[in-house]
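Have a look at the structure below, then the notes.
Coordinate-derived values only; no laboratory data. For clarity, every value in this text was computed on a predicted model and none was experimentally measured. Don't worry about glycine lacking a Cβ; one is built from the backbone with ideal geometry, like all the others, and counts go over all protein chains shown.
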Amino acid sequence: MTKKQLVYLVARKAHLTKKAASEAVEVFLSEIGRVLAKGEKVVLSGFGTFRVSPRKGKMVKIPNSDKLVRVKPYRLPKFTPGKTLKHQVSR
């Protein structure tokens, strides 16, 4: 499913215009990103949990050379599905 398809579905099911549904989806996604950027987690009961996982910096060797490059520490978004979603998918 694409974002465009999601907007269409939200508009149809919630009896909204496509513009209103698009704004709702956009706000929803941007707020999840904003909260994760602050390092907090987002819990959607029954659906799952979005969280940020920190990664340590490290030295890595470039293939086919002897050069070592330092990779800076970074944060990675993670998603853990909730019980309801797991059950829905595993049917």
(request) Test VAL52 against the stated conditions and say whether it is in a strand (DSSP E or B), free of Cβ contacts under 8 Å to residues at least 40 places away in the same chain, touching a helix residue (DSSP H, G or I) at 6+ places or on another chain (Cβ under 7 Å) and of a type outside the set (Phe, Trp, Tyr). (result) yes
(message) Can you tell me how many residues within region 55-82 are closer than 22 Å to PHE28 by Cβ and not in a loop (DSSP other than H, G, I, E, B)?
(response) 7
(request) With respect to ARG51, determine if the residue is surrounded by 12 or more Cβ atoms within 10 Å (Cβ to Cβ) and farther than 19 Å from MET1 by Cα. (result) yes
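Please determine whether any residue of region 23-32 is touching a strand residue (DSSP E or B) at 6+ places or on another chain (Cβ under 6 Å) and either within 26 Å of HIS87 (Cα to Cα) or assigned to a strand (DSSP E or B) (or both). Quick ask: steps written out before the conclusion?
Step one: list which residues in region 23-32 are touching a strand residue (DSSP E or B) at 6+ places or on another chain (Cβ under 6 Å), which gives 32.
Next cut, either within 26 Å of HIS87 (Cα to Cα) or assigned to a strand (DSSP E or B) (or both) only: 32.
Checked region 23-32: at least one residue is touching a strand residue (DSSP E or B) at 6+ places or on another chain (Cβ under 6 Å) and either within 26 Å of HIS87 (Cα to Cα) or assigned to a strand (DSSP E or B) (or both).
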